[in-house]
Amino acid sequence: MRVPMTEYLLIDLDTERWICRVCAHDFGDARGNYKEGTLVYDRDPQEIHPPVIDPEKYEFTFSPDPAFCRILEFYCPTCGTQIEAEYLPPGHPPTVDMLWDIDSLREKWDAHGGNPEEVVNYGPGENAEADLSARFDSVTPHAHSRQNEGH
Amino acid sequence: MTLTTDQFVPTSGDDDASQLLTDQEQQWVDKFMDETTLFLGPDPAIMRTHEIMPRTAYEEECIAKGIDPLEVDRIRKRLAGALDEAFEMCESMGAAPGAKWADLSCAVYTAEGDVTYLSNRGVIAFSAVLHHPIRYIMKNWKDEPTVGINPGDGFFHNDSRFGMVHNTDQSMLVPVMRDGIIIAWVGATIHEGENGACEPGGMPSGSESPFDDGLRASPIKIVEKGHLRRDLLTFLQHSTRDPKLMLADIKVKMGATRRIMDTVDRLIDEVGQETFVASLRVTVEDVETEVRRRIGELPDGTVTFNQFVDSTLKENILIKFACKITVKGERMIIDLTGTGPEILNRALNSPLASTKSFMSQAVLSYWWPDLPRSTGALSPIEIITEEHTWADAGYDAPVGQSLQASFRGFSALQSAFAKMQFSSPQKYSNVVAPWFNQINDFLWGGTTQNGEQVGNLCADLNGMGGGAKAFRDGEDAVAPLFCAMADLGEQEVMEEEVPFLQLVSKRLVRDNQGFGKYRGGMGYEMMVASRGTPSWGFMTVTSGSKFSSVPGMFGGYGCPVYPLAMVKDINIYDIIKKDPSQFNLSMERVMNEQPFEGGDYQTGHMGLQFDVAKEGELYMIAQGAGGGYGDVLERDPELVVTDLELDRISAQVATNVYGVVWEADTFVVHEQATIELRAQMRQDRISRGKPYKEFIAEFVQEEPPKDLLYYGSWGQDNNEELLATHWGKIEPERVKGKIEDLPLIMVPDRRVLKISKLEARVRELEQKYGEVAVHKS
């Protein structure tokens, strides 16, 4: 059973691994920090947020000051998807942003009885209905969809 | 502070039972303390708790007689109708600019002060904090012979140390009484603006002590048995710059609470007092119970979201707002340990209750907006903070611009929730990236064209860009984080009352987006200049000019940063009168082309203390953008070129950030070339990205850069150890320790620092060129 935990990360409850929802890359122990399985790049924020007013003339330009702010980009090592972009002071340790209790997660889904890849969506409203199943095994749409239940 | 005998804990060796007081002795002590209390300041026992009160004996009695859920629902709907009606009264009759744009709320409370229900529109945080003053009134004034509480009384307060979002807001709290017993309260609160602070407008970024924060009204009985007390009213009017505003809006709030009271009176007549009391109480309890259940639906685990704020509003620093949220079963613990210390001569600190009020705002507007807006929503959530941090400021810290810290309380919860709720099969709100969280807005003050003294703010604070949703772009300039249905106001209407024009209003700024698969809502620029006034000035009161205020979500980017731009020593009105073609104004053109001869073109961070604005001098800022959602390389190329065609993004962003190739003349996407460019960009990521451990070894430092004025924990392994910059001597030094071990943190006057630097340079040059000069001190 795989649980969509973010837009790009699944937790496989059978193997207890973080995996990429796009390409199935294994990021490591689901009880730990998925970032340890990523590639990281220290991005100068001025490359992303360009100045609107002339940096040759002015100190404040709409573009972050690289001496105050860096953007850490976390990539999937296999497909290159940008999983997270964290704004940090230079030299500050990246945040361990999510740590999950896997036993409890399993218990909750066992109690629920549904397939997380089918029932998790973006919230209320028709527009928020989503296919959050793993993209890597959906060559035909939705490998875990109800259409396949009879097979 | 209020002292009670309960607070005198026996010291070691003094715990002999023979020393405990008898009941009689305790009564004598209590009586003595009551009669000789020097000062009834904010009471920590009230101010540090946000849980709902235990049932009173009378509530127990009322509930014991039976609850009909349908009847409770009917009562709640009737109250909601009355509250909405009162809200509209305040909105249409209120004199404060904030009132006209929905910056207010109305509420019904239990006898002990728990919010039972709020108006559907308005600011949730306002009423989510007013249980504090009601408890203060109940504890200190109810049985106080010189005050007392009677039918028709109304209490006023504004000081956030007694429970208020910030000191610009003013309340009217009115008891519902039957047979001499208080059975409920009704209230109205409006962001009034002007409050007599050291700068006009009520949110002074220049405040350096609590006495610069303006009016310090603890709860006072301003209305006695239906009559407004003229002596106190005069005192309040005399304490601020806008006496008419004070009078008008106290009367508006009296009218609004009277309207709520009419419905309450009719309801009690119809359903009976006991059913009414029981329904208020069970609503609060039901919300608390439902919140616990919903917490239980979230996955167990810990989500951490740290924020870094780049300004004291006088100088650029970095101060951390740390937040770790842990869910275990039906328990949720929010831990702000690691948050930077209070800065005792800067305005950015927030009282704990104000910080919590914006946590309520996040819970009731972005987590579970379907719940009745009640104190019960935050009540079951445990909150850990350290007193004397900037999110939990002490009594002696200035709090004039407390939104700097309290809004971060909102962002901490709103942003973390996307991760907390993502895997839940049952959601009550959409997955959304961070909302913009600064009031990029002009405050103003001075003498109007009508000869009146005023101080207040523009409605543009309500134009914050929304965060991108997981399935669509965020909305541009949609609503402030604190009020879902606030209004941007009509600038032309405002210009009839205040002596300045918005020469540019609501023009979107190119690239002012949080980029992502879905982008954040954009903000617009504002350009103002005074006209026809003997004295006028502007202020700005936000951070985020060097470090982005909000990040993105799941690979999306955050907002850019925002400058304040000014052109001094010109009169734009003379210029455009002489040459109307110069009315082609935008921040980009004016600042880059510098078209006005003799103008002094300046930028600064967004903490501008009251700046005298001579006629026609230009002041320019931009409203902020919401965070983006998801990987930029997954954004539909058609959406990218649509933004490009509308000049919402630059070609540089379309190419370098979004990886889209298009035909320059027609804006037609080259699909294959885009696929190939994006594939190459993914490969480039893989090539330049470093394995995590290798990256950590290179990037992470033991401490912040030496020249960075930093406050808060560094990393998250030891959040109890805070770093701070201390000016114990002439040069700043970095200090470390637990909050209780740090020295008092203050920042020297930046002009003194600048003068010292210039003096040092003068001496250096004198030495270099052998000039002998006598410097007398």
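The values are calculated or read from the model by the stated rules, or taken from the named source; none is laboratory data. Quick caveat: nothing in here was measured; it's all calculated off a predicted structure. Positions of Cβ are generated from backbone atoms using ideal geometry, with glycine treated the same way; all protein chains shown enter the neighbour counts.
Overview of results
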| read-out | value |
| --- | --- |
| Some residue of segment B:514-529 being out of contact with any helix residue (DSSP H, G or I) (no Cβ under 9 Å at 6 or more places or on another chain), in contact (Cβ under 8 Å) with a residue 40 or more places away in the chain and closer than 22 Å to B:K100 by Cα | yes |
| Filtered residue count, segment B:181-227, keeping only those that are surrounded by fewer than 16 Cβ atoms within 10 Å (Cβ to Cβ), more than 30 Å from B:G272 (Cα to Cα) and either small (G, A, S) or more than 28 Å from the chain's Cα centre (by Cα) (or both) | 1 |
| Residue in segment B:279-294 that is out of contact with any Gly (no Cβ under 8 Å at 6 or more places or on another chain), crowded, with 21+ Cβ neighbours inside 10 Å, more than 14 Å from chain A (Cβ to nearest Cβ) and among the polar types (S, T, N, Q) present | yes |
| Residue match in segment B:680-703 (condition: more than 7 Å from chain A (Cβ to nearest Cβ) and either surrounded by 17 or more Cβ atoms within 10 Å (Cβ to Cβ) or touching a Cys at 6+ places or on another chain (Cβ under 6 Å) (or both)) | yes |
| Flag for B:S406 being outside the structural domain of B:M620 (by TED's automatic domain parsing), buried (at least 24 other Cβ atoms within 10 Å of the Cβ) and touching a Pro at 6+ places or on another chain (Cβ under 7 Å) | no |
| Candidates B:C62, B:C106 - the one that is within 20 Å of B:H131 (Cβ to Cβ) and in contact with a strand residue (DSSP E or B) (Cβ under 7 Å, 6 or more places away or on another chain) | B:C106 |
| Any hit, segment B:606-614, residues being touching a residue at least 12 places away in the same chain (Cβ under 8 Å), more than 8 Å from chain A (Cβ to nearest Cβ), assigned to a loop (DSSP other than H, G, I, E, B) and within 23 Å of B:P534 (Cβ to Cβ) | yes |
| Of residues in segment A:117-130 being in a helix (DSSP H, G or I) and either within 7 Å of another protein chain (Cβ to nearest Cβ) or free of Cβ contacts under 8 Å to residues at least 60 places away in the same chain (or both), the one nearest to B:L298 (Cα to Cα) | A:V119 |
| Every residue from segment B:724-738 that is within 14 Å of chain A (Cβ to nearest Cβ) and either touching a residue at least 40 places away in the same chain (Cβ under 8 Å) or assigned to a loop (DSSP other than H, G, I, E, B) (or both) | B:T725 |
| Residues within segment A:87-107 that are within 7 Å of chain B (Cβ to nearest Cβ) and not in a loop (DSSP other than H, G, I, E, B), tallied | 6 |
| Set B:T355, B:T326: member being in a strand (DSSP E or B) and either more than 14 Å from every other protein chain (Cβ to nearest Cβ) or hydroxyl-bearing (S, T, Y) (or both) | B:T326 |
| Per-region count, segment A:10-20, residues crowded, with 24+ Cβ neighbours inside 10 Å and within 12 Å of another protein chain (Cβ to nearest Cβ) | 3 |
| For B:G122: the one exception among (1) within 17 Å of B:T257 (Cα to Cα); (2) without any contact (Cβ under 8 Å) to a residue 60 or more places away in the chain; (3) not basic (K, R) | (2) |
| Segment B:408-425, residues that are under 20 Å from B:A322 (Cβ atoms) and either touching a helix residue (DSSP H, G or I) at 6+ places or on another chain (Cβ under 6 Å) or among the charged types (D, E, K, R) (or both) | B:R408, B:G409, B:F410, B:L413, B:Q414, B:F417, B:K419 |
| Matching residues in segment B:743-776 - criterion: being of a type in the set (D, E, K, R) and either assigned to a helix (DSSP H, G or I) or under 45 Å from the mean Cα position of the chain (by Cα) (or both) | B:D749, B:R750, B:R751, B:K754, B:K757, B:E759, B:R761, B:R763, B:E764, B:E766, B:K768 |
| B:Y711 within 14 Å of chain A (Cβ to nearest Cβ) and among the hydroxyl-bearing types (S, T, Y) | yes |
| Every residue from segment A:48-72 that is at the interface with another protein chain (Cβ under 7 Å from one of its Cβ atoms) and among the acidic types (D, E) | A:D54, A:E59, A:D65 |
| Qualifying residue in segment B:469-479 (condition: buried (at least 23 other Cβ atoms within 10 Å of the Cβ), more than 15 Å from B:Q513 (Cα to Cα) and within 13 Å of another protein chain (Cβ to nearest Cβ)) | yes |
| Near pairs, Cβ below 7 angstrom, 6+ apart or cross-chain, from segment B:241-255 (free of Cβ contacts under 8 Å to residues at least 60 places away in the same chain and of a type outside the set (A, V, I, L, M, F, W, C)) to any residue that is part of a helix (DSSP H, G or I) and surrounded by fewer than 23 Cβ atoms within 10 Å (Cβ to Cβ) | B:P243/B:Q237 |
| Selection count, segment B:298-318, where residues are more than 8 Å from every other protein chain (Cβ to nearest Cβ) and not hydrophobic (A, V, I, L, M, F, W, C) | 5 |
| Scope segment B:615-635; condition within 12 Å of chain A (Cβ to nearest Cβ) and surrounded by fewer than 21 Cβ atoms within 10 Å (Cβ to Cβ); matching residues | B:E634 |
| Single unsatisfied condition, B:E490 versus (1) closer than 20 Å to B:G193 by Cα; (2) of a type in the set (D, E); (3) touching a Lys or Arg at 6+ places or on another chain (Cβ under 7 Å) | (3) |
| Qualifying positions in segment B:514-524 - at pLDDT 95 or above and either touching a Pro at 6+ places or on another chain (Cβ under 6 Å) or not hydroxyl-bearing (S, T, Y) (or both) | B:G514, B:F515, B:G516, B:K517, B:R519, B:G520, B:G521, B:M522 |
| Residue within segment B:712-720 that is within 26 Å of B:E208 (Cα to Cα) and either of a type outside the set (S, T, N, Q) or surrounded by fewer than 12 Cβ atoms within 10 Å (Cβ to Cβ) (or both) present | yes |
| Any hit, segment B:571-587, residues being surrounded by 23 or more Cβ atoms within 10 Å (Cβ to Cβ), more than 8 Å from chain A (Cβ to nearest Cβ) and more than 17 Å from A:D54 (Cα to Cα) | yes |
| Test result for B:Y601, over 27 Å from the mean Cα position of the chain (by Cα) and assigned to a strand (DSSP E or B) | yes |
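Conditions tested, residue by residue: (1) in a loop (DSSP other than H, G, I, E, B); (2) away from every other protein chain (no Cβ under 14 Å).
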residue	(1), (2)
B:N430	yes, no
B:W435	yes, yes
B:M494	no, yes
B:V498	yes, yes
B:L501	no, yes
B:R510	yes, no
B:Q513	yes, no
